[in-house]
Amino acid sequence: MYCDECKQRPASVHLTQMFNGQTSESHYCEECAAKKGAVIFNMDTTFSIPNILASFFGYNMQGLPSPAIGRSCDNCGMNFNDIRQSGKLGCSECYAAFDEELEPTLRGMHGNSQHIGKVPARGGEKVILKKRVEAMKSSLQQAVAEEDYEKAAQIRDAIKDIEKKLGC
């Protein structure tokens, strides 16, 4: 496929645009794409998911290096620099050890830092109850805001009962 602009060189930059449900595709050579202002990324051959994830870690929202670089996980001994380089956490305790650094990254990648997906049918009772308590707490706040104190008291009592079951 040749460049849509000069029609002489092979197209290596492919642009797909969607506008009002209509899709248009353009194909340019590197020179014509640069003339149009396109930024061309030269990706190296070490492309891998861990490398992409590692590029997310280690920089906070201002683009400054994370202060956690010197700390390490008490459970596995992995430090934040190792996580940045590998793109992988050492153990489940790393989430707690590097919570401040991981939370914005996970939120940026997934849109949320809390799991909101499916719950396993077996053994997921506690998770379901915790979600129910969270929903009830927001209902409680709404009832208080509306000054419906009888409803708020009922919701509060129901929350206490569920929390007793959970052992909180």
Self-check item: Selection within region 52-98 - of a type in the set (D, E, K, R), in contact with a helix residue (DSSP H, G or I) (Cβ under 7 Å, 6 or more places away or on another chain) and at pLDDT below 85
Solution: Arg71, Arg84, Lys88
Quiz item: Which residue pairs have Cβ atoms closer than 7 Å, lie 6 or more positions apart in sequence or on different chains, and pair a first residue in region 20-37 that is within 18 Å of Gln8 (Cα to Cα) with a second residue that is β-branched (Val, Ile, Thr) and at pLDDT below 80?
Solution: Glu30/Ile40; Ala33/Ile40; Ala34/Ile40
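The values are calculated or read from the model by the stated rules, or taken from the named source; none is laboratory data. All values reported here derive from a predicted model rather than from experimental measurement. Note that we place each Cβ from the backbone using ideal geometry, even for glycine, and neighbour counts take in every protein chain shown.
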